[in-house]
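The values are calculated or read from the model by the stated rules, or taken from the named source; none is laboratory data. All values derive from a computational prediction rather than experimental measurement. Cβ atoms come from the backbone with ideal geometry, glycine included; neighbour counts cover every protein chain shown.
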Amino acid sequence: MPTSETAPPRADGGGQGGDHGGDHGAAEARGAEGQGSRRVSSSLVLTVVLLLVMLLQAPIGRALSAPLMQSWMTVFVAIVVQALPFLVLGVLLSAAIAVFVPASFFVRALPKRPALAVPVAGVGGVVLPGCECASVPVAGALVRRGVTPAAALTFLLSAPAINPIVLTATAVAFPGDPEMVLARFVASLLVACAMGWLWQRLGRTEWMRPPARPAFDGLGKGAAFWGSVRHDVMHAGGFLVVGAMAAATLKSVVPESWLQAAAGNPVVSVLVLGLLAVLLSICSEADAFVAASLTQFSLTARLAFLVVGPMIDLKLFAMQAATFGRGFALRFAPVTFALAIAVSALAGAVLL
Amino acid sequence: MNRQAQAAVLFLIGVAVLRASFTDLYLRYVKAELRPLLMVAGAVLIVAALATVWYELRALRAARNGAAEGHGSSGHDGHGHREPRVSWLLVLPLLALILVAPPAPGSYSAMRAGTALKPLPAFPELPAGGTLRLGVGDYAGRAAYDDGRNLRDRRIKMTGFVALDRGGAPHLTRMTLNCCAADAQPVKVRLSGRLPPTLQPDTWLEVTGTYSSKRAKDPVNGGVIPFFDVTRAAPVKPPSDEYEG
């Protein structure tokens, strides 16, 4: 998958370099030449696929008319359409950071000591008015701009949960329980900072291995900006589709009565809603409303849903793996999940 | 996927999103508030596609001018960078949106989920006199949690789609939307009284009738499903926004 990326084109013809080690780059260059015949074909494949689907529209339509298939497709398209504007927003921001904001800005803006940079980055998450689809590309851009990974990860986790839009949505969704907003803010910020500090203590740089990415320096600013937008949309967009497919499958296959059975036990209900948040992959701007509708569950269980969802879910995992590497995502995701569950249970006990 | 194909996919997704947001198609999936954002996103994707083609052509021209150098790495400029294969998946929502355009969730989804009726602290007063036009959710809420106050002895009109439970009992249903169709939840009202002999699921009805104090329990989540006594039921066209509230 991500390894099929090849070396970046260089306008100056200066050969391979940039992100790639020498051997690596050379190997990739050979790969690109070896794929010479296939290179021409991906436009062709796309044309053929589009033509075939147009021609076979009627039989395909019939095959998809079963209610289960239709409900699957509706949920699938809805998640993609809902997330797309926020993905585009995040991608534009990330391209702007990469191209127009000099790396020295972040060096000055964040405290020198990583231990202090973490909470600053966590609170800084307030300024990104989007959902988690926007924060992954932005956090990736921050790391590439030399921000200490611990701080960038804290930002990644806190931004989608504590920005004003999401907190407003939470307040609207829980009109009778204003303390829910406070609990969500506190618990999310705590988990984000704890994960940042944990990464600073235990994290190893080699776990974070972002897939090769085209180097856009050496190009004009316009070319670099749009090159980055194109790359991020194709990349993160593809993984968004994976997450949307998983969530649509869950939504249209698992019966709701299973959830009823889980709501009875206080411990099980917290775990189940945390797990549900992972599987459903709902946008953080919408999850408060879904949580509000799960009335059979306790407020603490619903808080777990709201804290876990923006930090780790199926589509986020796919997107994190794409941005920071699979080895990173496999370690980061379970710890985030466990910590988010524990902190929400604690915050629920104290605040709710 | 090479850059030409990427540009084509970006362009087509942009066009599909713009088309959906200029027609009422987008209302099947998301809330009306998202419209301006969808338009901006569609436009940005189209610009990104055009920019890709533009820089691609420029790079090709530059490569041709510098071709005298022979096998320079610039010869690969146009095609060198390929996105991972997962990018191909972007074709799926594109096809789904352009060719299939799946409908808003209907009776199948409605009957799988429990009714989303929540107690409200207060119900606003209703206009006096004449036939009362109510949303399905409004009627159900007042019937279940306001004891039908203000509803008794009134002629009431509601619009929704038909959904049949396992026993075949007809319900008038509307989906409510918080954010997107993925979180759509049904509100159900059980229909009794003078109904057409056969009711097809997913047909849209305008029902006229009166409040009934009977209630049923939703088998999925134990929620309240109030009854409605129908005197007249007429098929109608689905509204452009099929969601309520």
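Things worth noting here:
- Just one residue in the set B:ALA144, B:ALA113, B:ALA169, B:ALA101 is more than 10 Å from chain A (Cβ to nearest Cβ) and in contact (Cβ under 8 Å) with a residue 60 or more places away in the chain; that residue is B:ALA144.
- Residues (over 11 Å from B:LEU97 (Cα atoms), more than 12 Å from the chain's Cα centre (by Cα) and within 11 Å of another protein chain (Cβ to nearest Cβ)) located in region B:15-30: B:SER21
- Selected residue (criterion: surrounded by the most Cβ atoms within 10 Å (Cβ to Cβ)) from residues of region B:63-84 that are at pLDDT below 85 and hydrophobic (A, V, I, L, M, F, W, C): B:ALA67
A quick yes/no check of all residues on (1) of a type outside the set (Lys, Arg); (2) under 31 Å from the mean Cα position of the chain (by Cα); (3) modelled with pLDDT under 80:
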site	(1), (2), (3)
B:ALA51	yes, no, no
B:TYR55	yes, no, no
B:ARG58	no, no, no
B:ARG61	no, no, no
B:VAL86	yes, yes, yes
B:LEU95	yes, yes, no
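Yes/no matrix, rows are residues, columns are (1) surrounded by 24 or more Cβ atoms within 10 Å (Cβ to Cβ); (2) part of a loop (DSSP other than H, G, I, E, B); (3) in contact (Cβ under 8 Å) with a residue 12 or more places away in the chain:
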position	(1), (2), (3)
B:PRO119	no, yes, yes
B:PHE123	no, yes, yes
B:LEU126	no, yes, yes
B:ARG152	no, yes, yes
B:THR159	no, no, yes
B:VAL162	yes, no, yes
B:MET175	yes, no, yes
B:PRO186	yes, no, yes
B:SER192	no, no, yes
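- Note on region B:212-241: residues that are under 27 Å from A:LEU259 (Cα atoms) and touching a residue at least 24 places away in the same chain (Cβ under 8 Å) total 12.
- Some residue of region B:151-161 being away from chain A (no Cβ under 11 Å), under 23 Å from B:ALA233 (Cβ atoms), acidic (Asp, Glu) and under 23 Å from the mean Cα position of the chain (by Cα): no
Residue-by-condition table, conditions (1) within 13 Å of chain B (Cβ to nearest Cβ); (2) touching a Pro at 6+ places or on another chain (Cβ under 7 Å); (3) surrounded by 23 or more Cβ atoms within 10 Å (Cβ to Cβ):
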| site | (1), (2), (3) |
| --- | --- |
| A:SER257 | yes, no, no |
| A:ALA261 | yes, no, no |
| A:ALA288 | yes, no, yes |
| A:ALA301 | no, no, yes |
| A:VAL307 | no, no, yes |
| A:THR323 | yes, yes, yes |
| A:VAL335 | no, no, no |
| A:ALA340 | no, no, yes |
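- Residue match in region B:222-230 (condition: out of contact with any helix residue (DSSP H, G or I) (no Cβ under 8 Å at 6 or more places or on another chain) and not in a strand (DSSP E or B)): yes
To keep it simple, each residue is scored yes or no on (1) within 21 Å of B:LEU97 (Cα to Cα); (2) touching a helix residue (DSSP H, G or I) at 6+ places or on another chain (Cβ under 8 Å); (3) within 11 Å of chain B (Cβ to nearest Cβ); (4) not hydrophobic (A, V, I, L, M, F, W, C).
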{"residue": "A:GLY227", "(1), (2), (3), (4)": "no, yes, yes, yes"}
{"residue": "A:ARG230", "(1), (2), (3), (4)": "yes, yes, yes, yes"}
{"residue": "A:VAL233", "(1), (2), (3), (4)": "yes, yes, yes, no"}
{"residue": "A:GLY237", "(1), (2), (3), (4)": "yes, yes, yes, yes"}
{"residue": "A:ILE282", "(1), (2), (3), (4)": "yes, yes, yes, no"}
